[in-house]
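Since every read-out is calculated from the coordinates, none of them should be taken as a lab result. Computed from a predicted structure; not experimentally measured. In this analysis, Cβ positions are derived from the backbone assuming ideal geometry, glycine residues included, and neighbour counts consider all displayed protein chains.
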Amino acid sequence: MTPTDLRKRLHAGKTIFGTLIVSPSPRWPDVVRGCGLDFVFIDTEHIALDRAELSWMCQAYTAIGLPPLVRIPAPDPYAATMVLDGGAAGVIAPYVETVEQVRALRGAVKLRPIKGQKLQQMLDGTRVEPQLESYIEDGAKNRLLIVNIESVPAIEALDEILAVPDLDAVLIGPHDLTCSLGVPEQWEHPKFLSACETIFRKARAVGIGAGIHFWGSMAQQVRFLKAGANLLIHSADILLFQKHLRIELDAIKKTSGLCNSTGDTQEDINI
């Protein structure tokens, strides 16, 4: 899949699936290939990745047809241009709360490579030379702009945010959103579920993708899809490794008689 394919699917209301990739190992793209993903999510807000390492990851995943969507550390237009220069297929901006932030990010992502006074004039609605306008529009088709909606102020400004031209999707950050709502990590709380449904509904109503990154139960992820999400980032490589390692080791210990009914190993009991 190409970035253009991904963008078209989001706006057409078709569902796309990704996962968070933490490991920069050069073996990882081959492991991820063929798992049924449409894209990969690389997070530089919470994960320590240097610029060269990030660029290598972006180039590797692009080469196997999994466009890398990179979350930048802050809703900073200059950070957005840096990850795009490194090969990102799209930018995810964290904790966006104002329409002004989205407009500035639009300038960095969708109006590349224009900067400075001319960029501000374009953002204000000034038309540019036809050849330049065509060049910019062609480039914008290959880059995605996604913003995190993860606070009460962001939901209050959502209608204005969704009206910014060229926005491809909004993405719920569930941890920060539950904290902003005053119900930290209560994934089944009515306030959180209602907020998710509102975000999904409003975005989809105007032809913009709506998504969430979630690592909880599969049943709840299906619920998000049924509520209107069409962009699902399922868990993370490190969490899936932890989960399946624990399950398989527990099964081996129980089957071999090294674990009692409480889950303690024979070594624990002997101690």
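Of the residues making up segment 174-193, those that are among the acidic types (Asp, Glu) and surrounded by fewer than 16 Cβ atoms within 10 Å (Cβ to Cβ) number 2.
Would you confirm whether or not segment 45-62 contains a residue that is in contact with a helix residue (DSSP H, G or I) (Cβ under 9 Å, 6 or more places away or on another chain), part of a loop (DSSP other than H, G, I, E, B) and either within 17 Å of Gly87 (Cβ to Cβ) or of a type in the set (A, V, I, L, M) (or both)? Checked segment 45-62: at least one residue is in contact with a helix residue (DSSP H, G or I) (Cβ under 9 Å, 6 or more places away or on another chain), part of a loop (DSSP other than H, G, I, E, B) and either within 17 Å of Gly87 (Cβ to Cβ) or of a type in the set (A, V, I, L, M) (or both). Selection of segment 112-122 for residues being more than 15 Å from Tyr78 (Cα to Cα) and surrounded by 15 or more Cβ atoms within 10 Å (Cβ to Cβ) yields only Met122.
Residue-wise test of (1) over 23 Å from Leu158 (Cα atoms); (2) of a type in the set (Val, Ile, Thr).
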| residue | (1), (2) |
| --- | --- |
| Thr62 | yes, yes |
| Gly86 | yes, no |
| Gln101 | no, no |
| Leu105 | no, no |
| Pro113 | yes, no |
| Thr126 | yes, yes |
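Of these, Ser235, Ser217, which one is within 15 Å of Gly173 (Cα to Cα) and of a type in the set (S, T, N, Q)? Every option except Ser235 fails the conditions. For Ser25, the conditions (1) hydroxyl-bearing (Ser, Thr, Tyr); (2) part of a loop (DSSP other than H, G, I, E, B); (3) in contact (Cβ under 8 Å) with a residue 12 or more places away in the chain all hold with the exception of (3).
Would you kindly identify the helices (runs of 4 or more DSSP H) lying entirely within segment 133-189 that contain at least 1 residues that are without any contact (Cβ under 8 Å) to a residue 12 or more places away in the chain?
Numbers: elements: 152-156, 158-162, 174-180.
Qualifying helices (runs of 4 or more DSSP H): 152-156, 174-180.
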